[in-house]
Structure formats: C-alpha cells, structure tokens
Amino acid sequence: MDISPERQREMLRLMQTIRRFEERASADYVAGDIYGTVHCYIGEEAVAVGVCSALEQEDQIISTHRGHGHCIAKGADIDRMMAELYGRETGYCKGKGGSMHIADFSIGMLGANGIVAGGISIITGAGLAAQLEGKGRVAVSFFGDGASGAGPFHESLNIAAAWKLPMIYVCENNLWAVNTPASSSLSVPDVATRAAGYGIPGMVVDGNDIFAVHQATREAAARARAGEGPSLIECKTYRYRRHTERPTQVDIRPAEEIDAWLQKDPIERLVRHLKGQQGQLTDEEWERMDREILERVSLAVDYARASAFPDPARATDDVFAA
Amino acid sequence: MRQISYADAGMEALIEEMGRDATTFHLSTDAPPPLVERFGESRVRGTPIAEGALTGMAIGAAGSGFRPIIDWRMVTFSFVAMDQVVNQASKIHYMFGGQARFPILYRCTVGGGVRMAAQHSQSPYSMFMNLAGLKMILPSTPRDTKGLLKSAIRDDNPVISFESTRLLTLVGEVPEEEYTIPLGVAEVKREGSDVTIIALAWLVHEALAAAEILEAEGISAEVIDPRTLVPMDTDTLRASVRKTGRLIIADEAGPTCSAAAEISALVTEDPATFRALRASVRRVCALQVPIPYSPTLEDHVFPDRNKIAAAAREVMAES
C-alpha cells in the first residue's frame, strides 16, 4: 500500500475526529442542546475515510441519515456542522436541516438524507452530470444494507451499468437495519453479489480495514474514470451504538455480537498498524493527536454556542431559489 | 400567424431551449426523435422504465450544474417517483439552506376525456401544490404551452408542467419569433361583468363556450386562466371577483382539496374581495370518483360548458 505515513496519520486523524465529534454530539443531544435526533456512525469510520481518501476534491458523494462521518471525511468544516446540529444560523443549512440534512455542495458533499435509499438515484444523477461533462469526475453513493433492498438501489445500478456512469456504490453493511438483522432481510449473504445481476464488479471488503476500503475505492475510481462504469463495494462493518440516540430507541442486538465487533475497532487497528511500522506513531503522538481533536471538537461546540439562532422570519426564506 | 398544435408547441420549446443552453438534457422512457436528431443520444436518452430513478437523477444532475428535463409521460407515472418528488425535489433547496439550485423541468400529461379509465385520466396537481418548493404550470393553449415551458426550463427551481391530454392536438396561434410567458401571471381570456369563471386547462375552452351560451341569455361572464398553479396570480383573480361579485371555478379534477378549493380560499379570504361577493362560490369539478372508462360514465363524471353555464345561472339567481 503506497500511502505515505503522513497520509495514514491524516486518515487516523479524520477517523478519530468523526468519533470524537459524535461522542460530543451524542452527549450534547442528551443534554438537550441538540434537537430531534442524532444517528451515530461510530465504529464505521474506516469506510467513510477509506473511501473519501481515495477520491479527488471534485468527486462527489451522497450520504445517509448516518451522515456525520461522510461529511467529515469529505472535508466538511466541523464548526458549521456542529452549528447546524445546534440549530444555529451559522450552520451548513442555516438551521433548516439539522443532523440528517447536512450538505456542502462546495466540497462535493450532496447531503445526508433522511430517507433510506433516497440519495442513491440523486447521486447517480451527479454521475450522469460527470459523464456529460467528461472531466473525469466520479460520484459515490453511501448507503446501508437496508437500502440495498429498496427500489432506488436496483433502478440506479441498472441505469449506471447500462450507461457506464462513473459511479461507485458503497454499501456500508453494518449487519442491522435498525433492529432487523441483514441475515433475515437479504436474499444473499453478501450485498456485493447483487452486482452480478447488473454486470458490474462487486466486491466484499473488511469495512474496518481502512486500507482495504481505500484500495477497493481506488480501483473502482480508476475504472469509473476510464469509462468502464460503476462498481459496487460492500464494506462489512458495525455500528457501536443504537440506531439513534433517542432515549426511546430500543437495541435488540446481542451483547456478545457488539463485544466481538468492539475487538475489531477500526481506529485501534490503524493505531496498532502505525505504531508497529518503525515508529510512525508513538504513544505520545497518538495521545497528542487525540487531545488536539478533542480541543478542536470543543472549539466547534464553542462556535455553535456563540452563534445566534435563526431569526424566525427566516423560516420562509429559500423555499424557492430567487 | 402560423398555427401549430399544443404538443408541437411543447416540443418546439424544448428544441429552442436545448439549443440555447448546453447544460440541458432530456430523460424519458423512449427518447423523442425530434430531440435525438438535433442533440444526439448523449443529451437525449431513452431510459429504463424507472421514473423514481429518473426523478432523483434530475436532482443530482441539477445540483451539479445541469438543467435536466424529465418527461414522466403521464402524471400516473409520477406516483412511482413520489419519494423523490415529495421527500427530495420539493425540499432540497430549503433543507440545505439554499446553498444549491435545482433547476429541473418535470413534464407530464393530465386529465381525462380520452377513454383511458382511472389510472390514465388523473388531474392530481393539488397533491403537488400541497408541497412547498415546487412550481407548476398548466397551459391551455399552444401559445401558452411554449411560452410557459421556456420559462420553466430557465427557472432555477423544480417546475412541473401539467399538460392536458385533451388539448395535445389542439391547434392554435404560436408566434414564430422568440417569446416567453412568465410564471405566475394569469390571463383574462374574456372580459365580463356578471360572473367570474376561473378555469383550468381544457376547462378554459369549455368556460369560453359557456360564456357564449350565457351571453345569449344576457349574462356577462369573465373567463380567467391562471396558467400557473404555483405561484398563483391571486391579485388578478381577486380583482375580477371584486368586479363581478360572483365566482365559479371550473376544473376537471375532483373538488376535494383541489386547485379549485385553493382558489376559492385565496379569493374569499381577502376581506375586500369577500365583501364584494354577491353569491356563494361554486366549484364545477369532476365528481369525486376514480375516472370510469365507458363514454356514458366518463362524460357524466366530468364538468363541461353546460355544467358551467348552469352554475352561472344559479349564482345569478342568488342575487
């Protein structure tokens, strides 16, 4: 793997930023400072960072209801993210979206989306735009195992395959659609198998191995840029937390299963790897990095808290583009 | 002036706008040959029968700097794309704080009268009007079809064009020179002083015929075509009712939560217009049933010139 130590440390920093951002968002949600709900991505960080680190700045992604990780991995500003969660006018959506609707079109992040499978056809349209433009841009759809049973997944893969759109479909198979196990709702053990039905490459990767995710994405992006069409990458991973942070959210997943996945933590795995590589990361450096990240997240919270709530009169702005 | 059909006027709008703006492209199940010939198979694509995907793809392409044109064919098929219409297209500009624009044209035919039975004879525009964030046009003439479609393609928002099945073959005057018709501007089709008839699409022509019948009876009817459902030209509608004091709304949709119901509320909730009313407001709409197939049944269900004229006589008798 030809990823420089600096880039590997940067990947680690992004993964840990996602985790610390969400730990804070969850705590502030419980404290009542963040409204609605928060869906945590913790445990799945290697997927977002592994994929996005293999993309170019101009490439586009679309996210899901569990979107913070994708935002951060694509380069979103956590001040504006936290301000959006806090419902402030300085947030990415001026306080109109909240956790489930953060977008930053300027960095190719076409939005988190509250409808499972809702973003797949939207980003496929971005892939069509990329093909029409012909500048080698690639578009990436993140979605879960649950979404792979929904119509938009199948319609979009068919069209993208038929038209050889420069698409990468990344299934984050965290084994559970809320409380329904993938084993009972998928017709095949691996979502990637479904690629065969559309005549496109489908691969299963260890979603907690950031290098495996990065490499698979790099290969898929090269195929897409070469005009060879879409790929489906299935990343097997696991969410550590309940479906949402809502106090009423039930979690029926077996404790042994959760424990087993905690042992496969993607961040610890990368830390171990870096520490083992001729001192590319010392204990001290890792502690310092984590401390810096915690401080950075804390600054984002300060930024959010110092920002004003939107003027109620702004509720009628932006229904239509002027 | 030259005369062309309502359908051809629509195609002419697309040809002109696609020639004018290279960021436009066209997706539909079956690609229209006049567009393929001019703009090629890359910009004019015949697609799988997957309206949900097409509807969503338009959003992503629009957010990436393009101006997609999606033809659903019949409004019937928009319903398989309703997640993308309701949850995404109508809200995405607002939900993301206005940071990106989504210029999209969705086209479809609406209405009945051609013996196509329940699924293919629908006029559900009020379902879409109920969503914030979508503009919509409903032209009644070839001239309006072309001018409104050109404005719709240039608009920076998702716009739905509802085009009347009954009117596709209607031939009328369409200027050869460049023109557009702005969204949100109603047209007074005939001036009158006794009763205002606000009519939509095919019913505009029936209302004009009813006005002829009524004129012979000494009743002066004003006929107005809103042309755009969102935004609605409320001022023009209210001004007419303040003049005549009587209001009939004619549409081939059913009356429940309809465009006609909305127009009734918009007109009457204005105090000055309400005070000018001299009779109850009447909706002359389809019966609230799925549209039946057999001619005797279908013709009974839809409003027409005679039902409009009858309603006008009734409101005239009230005061």
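Every number here is computed from the coordinates shown, using simple stated rules; none is lab data. Just so it is clear, the structure is predicted and the values come from calculations on it, not from any experiment. Methodologically, a virtual Cβ is constructed for each residue, glycine included, from the backbone with ideal geometry; neighbour enumeration extends over all protein chains shown.
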Using a 10 Å cut-off on Cβ to Cβ distances, tally the other chain neighbours for every residue of A:102-112 and report the average as a whole number. 4
Grab the DSSP H runs of chain A that are 4 residues or longer, score each as -39,500 (n - 2.57), total them, divide by all residues and round the 222 nm result to the nearest 500 deg cm²/dmol. -13500 deg cm²/dmol
Cα gyration tensor category, rounded, prolate or oblate, for chain A with a/c compared to 1.5: rounded
Using Cβ contacts closer than 10 Å as the measure, can you line up A:Val301, A:Val30, B:Val284 from fewest to most? A:Val30, A:Val301, B:Val284
Surrounding net charge for A:Ser187, when Lys and Arg each add one and Asp and Glu each subtract one, Cβ distance under 15 Å: -2
Cα centroid separation, the stretch A:144-183 to the stretch B:149-187 (Å): 38 Å
Over what distance in Å are the Cα centres of the stretch B:284-312 and the stretch A:78-129 separated? 46 Å
Name the shape class, rounded, prolate or oblate, that the alpha-carbon gyration tensor gives for the stretch A:1-146, where a ≥ b ≥ c are the square roots of its eigenvalues, rounded holds for a/c under 1.5, and otherwise prolate holds if a/b is larger than b/c and oblate otherwise. oblate
Final fewest-first order of B:Glu12, A:Glu268 on the 10 Å Cβ neighbour count is A:Glu268, B:Glu12
Can you grab the distance from the C-alpha centre of the stretch B:198-241 to the C-alpha centre of the stretch A:285-303, Å, no decimals? 66 Å
Magnitude of the charge dipole, chain B, Cβ model with Lys/Arg +1 and Asp/Glu -1, debye to 20: 520 debye
Could you please rank A:Thr282, B:Thr165, placing first whichever residue has the fewest other Cβ atoms within 10 Å of its Cβ? A:Thr282, B:Thr165
Calculate how many DSSP beta bridges within the stretch A:5-316 are antiparallel, expressed in % of all such bridges and rounded to the nearest 5. 10 percent
For chain A, set up a GNM with springs between Cα atoms under 10 Å and report which of A:Arg137, A:Arg225, A:Arg305 has the largest fluctuation. A:Arg305
Rank A:Tyr29, A:Tyr169, A:Tyr86 by mean-square fluctuation in a GNM of chain A with C-alpha springs under 10 angstrom and give only the top-ranked residue. A:Tyr29
